[in-house]
Amino acid sequence: MKFIIQRDQLIASVQDVMKAISSRTAIPILTGMKIEAKQHGITLTGSDSDISIESYIPAEEDGIVHVENIEEGNIVLQAKYFPDIVRKLPEKTVEIEADSNLKVTIRSGKAEFNLNGQDAEEYPHLPKLQTESSFKIPTDLMKSLIKQTVFAVSTMETRPILTGVHLKLENNNLTFTATDSHRLASREIPVPDANIEFPSVVVPGKSLNELNKILDDTEELLEINVTNNQILFRTKHLYFLSRLLDGNYPETSRLIPEQSKTVIHANTKELLHTIDRASLLAKEERNNVVKLVTNDNQFLEITSNSPEVGRVAEEIAVQSIEGEELKISFSSKYMLDALKAIENDEVKIEFTGAMRPFIIRPADGESILQLILPVRTY
Amino acid sequence: MMKRVIFLVDMQSFYASVEKAENPKLKNKPVIVSGDPERRSGIILAACPLAKKSGVKTAEALWQAQTKCPEAIVVRPRMQRYIDISCQITTILEQYTDLVEVFSIDEQFLDLTGSLKLFGDPFTIAKKIQQEIIEETGVYARVGIAPNKTLAKIACDAFAKKNQNGIFKLDESNMKETMWELPIGKMFGVGSRMKDHLQRMGIQKIGQLATFSIDTLTKRWGINGQVLWQIANGIDYAPVTTKTHDKQKAVGHHMTLPRDYKTFDEIKVILLELSEEVARRARTGGYRGNTVSVGIRGADFNFPTGFHRQVKLTSPTNFDMDIFHAALHLFRIHWNRLPVRSAGVTLSELQPADPYQLSLFDFSLKKEHLNEAMDYIYTKYGPTAIVRASSLTSAGQAYSRAEKIGGHYK
């Protein structure tokens, strides 16, 4: 195997693929990165058996040559060293060559590295998806779907299914839902030309976090395939495969209150900043508790009190307060996460009493829903 | 820093002394306090000095003690009484200083640094305390006097207990000829394992540890090495605090069964009873816990089996069924199907019960109302006012445990 490649192209691909490579893995060869050279281009592969990522660098694209002098072949390189080497090479091009004894030479300018490779035949084959049906959504939309929901997954392994984001595609509507049982985040988007439906798959939160890091912020379409145990995200040069979580995701739709007793319209940023300030003193306490009290149909009073640290109070004017008066305590962290996920300038918050979940939505639409369970105080 | 005056006041053969003081018929007779041999709590909890003279040792089996001292009078323990007397003694000690740290049921630390001007020199105070305790409770107290807690403890255990007057003062001035000559195993903080390690390093006496290279000790045991070295040199900065028992870390209950339980269904019954007790106590203390652990010991002493495992919960709880389900889950996974002699359930990682982050998936409010109602009934009518039906089976221990404290009769 031999080829000469543009270093910047290689760095970008290596960084993407590294997201799937872990130094702790049950199969030792998975600590390595597989490089496959074909006349039409180079493919890099990394996997930790939960996530597998393939990044493709075409030999030539739009008349620009990325890879030259290709002699076909493949090799597995130690992922512990390869990325740093590539990043620090002196010239714009890199020559990589592997001989029949699995010795790899990396050259750039006057620098030359000799690495021991491993036989690519030993590298497990990535599972091939058994489905042709797929749907497409713009890449940047997928990124916001992830960002608006994935923060709410549970970080505790006590209920493994909650560490994932629940995906549902029905009636040309795609829904992402995540909850750690104390708060819930969900977003729904229309997918007009989907030719498949699935009632419930659960993608590990970690997979989506990594996917979000790799995807570019473009409007190019992302293709998604779903089988009963895997999900595949595909762009022109990227192939991102994740295992799905086993088990039944709890039915969340009936947990969302349909009526409300108090409705607040507020400026998202102002509310966010006020809560953020109040949370400064709330961090000492276990639940980051802040307290919200409605005042005179136009003000909210946000307070926080840590007996050992001190107290903070702030009054904030809001657009409107309708319905019953309210005193409620909740985690400032959950509230901040939720408000950050709202893209609109104005939020609508619907409460049903101090002991019931409350809902935060953008003032103009229903597509994003953030739900928070209050903290009970006496 | 000002030189402190710390006392360790220790009650001689506490349970036995209480029994003797309250029953004149026992005077001048060897007395043993022991649990019920048929219910296998038949070990020696305390033996009076007369019984000890015949070789009776604390914690040995009742039958062993009886072969050594057949004329001994065996008394059933009355745990509540001992707790009451211990509190009474604390009240006596609190007349001398507000800094009284209850170290165990029969040992208490006092910081008298600020009281010397009021009550006289340490020896005078120690004598006064001894006299007052024996007059009010009939129990003979021994006093270790030192500039810190560990020295006071050593002064009491190694010297005051063997003294004519039951008082011993240990400090830098007499440390070298007294404490340093003691075998290393007598030092506070050195157990049998540590003793072996130190002896292998050639350290036989406390004095040898005191003069040993501190670097070698810290290299081997880290901070603990330094602590041991400091203790050997009579250095200990720990204050006498009344707050030892303020911050609870875990709530646990454990029981030795009256007979070996062999079936899953039988053991399930006691795991539920233990979980209920743990939950109830957590609620009384105003706690919720995040971790449940289960300990099981096998029946066969010659082939000790058993396990101690723990599991983290989804959210902190103080409800019996949450604890029980976690405990049962652990038991199902780890039990080796051999008969069980004893079992314990512990709730740890405690946090205040309020404020409480509500959860989507469990309807805790309902459970909470139910538990509130039950707690109310328990407080008013006692712990057996309502029991689960399973406690009425032959495996149930709820009624028998209600009569006991720490596995012994009240």
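The values are calculated or read from the model by the stated rules, or taken from the named source; none is laboratory data. Since we're looking at a predicted model, the values are computed, not measured. As a convention, Cβ positions derive from the backbone with ideal geometry for all residues, glycine included, and neighbour counts pool all protein chains shown. These accessible areas exclude ligands, DNA and RNA; they are computed on the full protein's heavy atoms, side chains included. Shrake-Rupley method; radii C 1.70, N 1.55, O 1.52, S 1.80 Å.
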- [ ] Just give me the residues in segment A:360-378 being within 13 Å of chain B (Cβ to nearest Cβ) and touching a Pro at 6+ places or on another chain (Cβ under 7 Å), in sequence order.
- [x] A:Leu371, A:Ile372, A:Leu373, A:Val375, A:Arg376, A:Thr377
Task: The one condition in (1) within 26 Å of A:Glu188 (Cβ to Cβ); (2) β-branched (Val, Ile, Thr); (3) within 14 Å of chain B (Cβ to nearest Cβ) that A:Val289 fails to fulfil - done: (1)
- [ ] Give segment B:228-251 a look and list any residue that's farther than 30 Å from B:Glu277 by Cα and either part of a loop (DSSP other than H, G, I, E, B) or open to solvent by 50 Å² or more (accessible area, probe 1.4 Å) (or both), or say none.
- [x] B:Trp229, B:Asn233, B:Gly234, B:Ile235, B:Asp236, B:Tyr237, B:Ala238, B:Pro239, B:Val240
TODO: List the number of the failed condition for B:Tyr82; all other conditions in (1) in contact (Cβ under 8 Å) with a residue 24 or more places away in the chain; (2) open to solvent by less than 40 Å² (accessible area, probe 1.4 Å); (3) more than 30 Å from B:Thr97 (Cα to Cα) hold.
DONE: (3)
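Answer with yes or no whether B:Leu347 is in contact with a strand residue (DSSP E or B) (Cβ under 7 Å, 6 or more places away or on another chain), part of a strand (DSSP E or B), open to solvent by less than 60 Å² (accessible area, probe 1.4 Å) and of a type outside the set (Lys, Arg).
Considered against the rule, which asks whether it is in contact with a strand residue (DSSP E or B) (Cβ under 7 Å, 6 or more places away or on another chain), part of a strand (DSSP E or B), open to solvent by less than 60 Å² (accessible area, probe 1.4 Å) and of a type outside the set (Lys, Arg), B:Leu347 comes out as yes.
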Task: Selection status of A:Thr105, assigned to a loop (DSSP other than H, G, I, E, B), among the hydroxyl-bearing types (Ser, Thr, Tyr) and touching a strand residue (DSSP E or B) at 6+ places or on another chain (Cβ under 9 Å) - done: no
Open item on the list: Here is a check on your reading of the model: is B:Val74 among the hydrophobic types (A, V, I, L, M, F, W, C) and touching a residue at least 40 places away in the same chain (Cβ under 8 Å)?
Closed with: yes
- [ ] Would you check if there is a residue in segment B:284-300 being surrounded by 20 or more Cβ atoms within 10 Å (Cβ to Cβ) and part of a loop (DSSP other than H, G, I, E, B)?
- [x] no
- [ ] Tell me, please, whether a residue that is closer than 19 Å to A:Leu126 by Cβ, free of Cβ contacts under 8 Å to residues at least 60 places away in the same chain and open to solvent by less than 70 Å² (accessible area, probe 1.4 Å) can be found in segment A:50-70.
- [x] no
Open item on the list: When the residues of segment B:352-367 are narrowed to those that are without any contact (Cβ under 8 Å) to a residue 12 or more places away in the chain and assigned to a helix (DSSP H, G or I), which ends up farthest from the other protein chains (Cβ to nearest Cβ)?
Closed with: B:Lys366
- [ ] Please go through segment B:133-192 and pick out each residue that is at positive phi and within 22 Å of the chain's Cα centre (by Cα).
- [x] B:Gly189
Open item on the list: Looking only at segment A:162-180, filter to residues that are within 14 Å of chain B (Cβ to nearest Cβ) and open to solvent by 20 Å² or more (accessible area, probe 1.4 Å); which one of those is farthest from A:Asp193 (Cα to Cα)?
Closed with: A:Asp180
Task: Answer residue from segment A:217-255, given it is surrounded by fewer than 12 Cβ atoms within 10 Å (Cβ to Cβ) and touching a helix residue (DSSP H, G or I) at 6+ places or on another chain (Cβ under 9 Å) and is nearest to A:Ser181 (Cα to Cα) among those - done: A:Asn248
- [ ] Could you tell me whether A:Lys269 is in contact (Cβ under 8 Å) with a residue 60 or more places away in the chain, surrounded by fewer than 20 Cβ atoms within 10 Å (Cβ to Cβ) and closer than 25 Å to A:Gln370 by Cα?
- [x] yes
Open item on the list: So, A:Lys291, is that one out of contact with any Cys (no Cβ under 7 Å at 6 or more places or on another chain), among the basic types (Lys, Arg), outside the structural domain of A:His182 (by TED's automatic domain parsing) and more than 23 Å from B:Gln351 (Cα to Cα) or not?
Closed with: no
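Among the residues of segment B:305-314, are any part of a loop (DSSP other than H, G, I, E, B), more than 12 Å from chain A (Cβ to nearest Cβ), without any contact (Cβ under 8 Å) to a residue 12 or more places away in the chain and out of contact with any helix residue (DSSP H, G or I) (no Cβ under 6 Å at 6 or more places or on another chain)?
Checked segment B:305-314: no residue is part of a loop (DSSP other than H, G, I, E, B), more than 12 Å from chain A (Cβ to nearest Cβ), without any contact (Cβ under 8 Å) to a residue 12 or more places away in the chain and out of contact with any helix residue (DSSP H, G or I) (no Cβ under 6 Å at 6 or more places or on another chain).
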Task: Selected residue (criterion: nearest to the other protein chains (Cβ to nearest Cβ)) from residues of segment A:247-266 that are outside any loop (DSSP other than H, G, I, E, B) and in contact with a strand residue (DSSP E or B) (Cβ under 7 Å, 6 or more places away or on another chain) - done: A:Thr262
TODO: Run down B:Gly202, B:Gly185, B:Gly225, B:Gly207 and say which single residue is open to solvent by 30 Å² or more (accessible area, probe 1.4 Å) and either in a helix (DSSP H, G or I) or closer than 21 Å to B:Pro147 by Cα (or both).
DONE: B:Gly185
Open item on the list: Name the single residue that is nearest to the other protein chains (Cβ to nearest Cβ) among those in segment A:121-152 being open to solvent by 20 Å² or more (accessible area, probe 1.4 Å) and of a type in the set (A, V, I, L, M, F, W, C).
Closed with: A:Phe151
Open item on the list: For A:Thr158, only one of the following conditions fails: (1) within 14 Å of another protein chain (Cβ to nearest Cβ); (2) touching a Leu at 6+ places or on another chain (Cβ under 7 Å); (3) touching a residue at least 40 places away in the same chain (Cβ under 8 Å). What is its number?
Closed with: (3)
Task: Elements of type strands (runs of 3 or more DSSP E) in segment A:306-350, at least 2 residues being within 14 Å of chain B (Cβ to nearest Cβ) - done: A:327-331
- [ ] Please tell me if A:Thr294 is assigned to a strand (DSSP E or B), within 14 Å of chain B (Cβ to nearest Cβ), within 28 Å of B:Asp354 (Cβ to Cβ) and of a type in the set (Val, Ile, Thr).
- [x] no
- [ ] Go through A:Glu197, A:Glu219 for me and flag whichever is more than 14 Å from chain B (Cβ to nearest Cβ) and at pLDDT below 90.
- [x] A:Glu197
Open item on the list: Among the numbered criteria (1) more than 14 Å from chain B (Cβ to nearest Cβ); (2) open to solvent by 30 Å² or more (accessible area, probe 1.4 Å), which one does A:Leu300 miss?
Closed with: (2)
Open item on the list: Against the definition (surrounded by fewer than 19 Cβ atoms within 10 Å (Cβ to Cβ), over 25 Å from A:Ser47 (Cβ atoms), within 14 Å of another protein chain (Cβ to nearest Cβ) and of a type outside the set (Gly, Ala, Ser)), how does A:Arg183 come out, yes or no?
Closed with: no
Open item on the list: What's the total number of residues in segment A:337-352 that are open to solvent by less than 20 Å² (accessible area, probe 1.4 Å) and not β-branched (Val, Ile, Thr)?
Closed with: 4
Task: Single residue of segment B:301-314 satisfying the filter (in contact with a Lys or Arg (Cβ under 9 Å, 6 or more places away or on another chain) and more than 28 Å from A:Thr163 (Cβ to Cβ)) that is most open to solvent (accessible area, probe 1.4 Å) - done: B:Phe301
